[in-house]
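Each remark here refers to the structure printed beneath this line.
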Amino acid sequence: MTTIRELVTHTGIPVHDYLDHDADIPRVHRAAAQGDVLVLRVTTTAATTPMPHTVMVVASEASSNTHTLHPAGPAFWDAHAGRANGDVLLGILTVPAGSTALLSHQEHGGLEIEPGTYEIRRQREYAGEWRMAAD
């Protein structure tokens, strides 16, 4: 298991002090949510673009906090071309056996994503009409 303290050391991105830095972060192997981001395991084509150390997935609308992805070992990220048009699909993440990826956020801490292929999506909410969830 990875702790929040280890997440911060690996990513270089601090989290808020109210989070227990010695707490284990949840491991994802099927589905999870972190604020306005969804992680869904899929059986679609794997991502093929080698992932850099940091991928900004969503910039926060309410503050300077962002959701970022970080490989821990080799990983692959194909950004979705439609993301600028309000599409909920942000990209495809593939984590090979022996690696993980970390999803980090200053307010939420992190998620450790286990090997597999995942769609990374925005969450939507209904408030008289459908809109992107604000974090």
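List of remarks:
- Yes/no for ASP36 being surrounded by 15 or more Cβ atoms within 10 Å (Cβ to Cβ) and either of a type outside the set (A, V, I, L, M) or free of Cβ contacts under 8 Å to residues at least 12 places away in the same chain (or both): yes
- Top-ranked residue of the range 13-33 - restricted to ones that are without any contact (Cβ under 8 Å) to a residue 12 or more places away in the chain and not hydrophobic (A, V, I, L, M, F, W, C), ranked as farthest from GLU107 (Cα to Cα): ARG30
- Single condition MET1 does not satisfy, out of (1) assigned to a loop (DSSP other than H, G, I, E, B); (2) within 15 Å of HIS105 (Cα to Cα): (2)
- Residue list for the range 99-124, filter: touching a residue at least 40 places away in the same chain (Cβ under 8 Å), of a type in the set (Gly, Ala, Ser) and surrounded by fewer than 21 Cβ atoms within 10 Å (Cβ to Cβ): GLY116
- Subset of the range 77-135 [charged (D, E, K, R), within 25 Å of ALA46 (Cβ to Cβ) and modelled with pLDDT under 95]: ARG83, ASP87, ARG121, ARG122
The values are calculated or read from the model by the stated rules, or taken from the named source; none is laboratory data. Everything numeric in this text was worked out from a predicted model, so none of it was measured. Cβ coordinates were reconstructed from backbone atoms using ideal geometry, including for glycine residues, and neighbour counts include every protein chain displayed.
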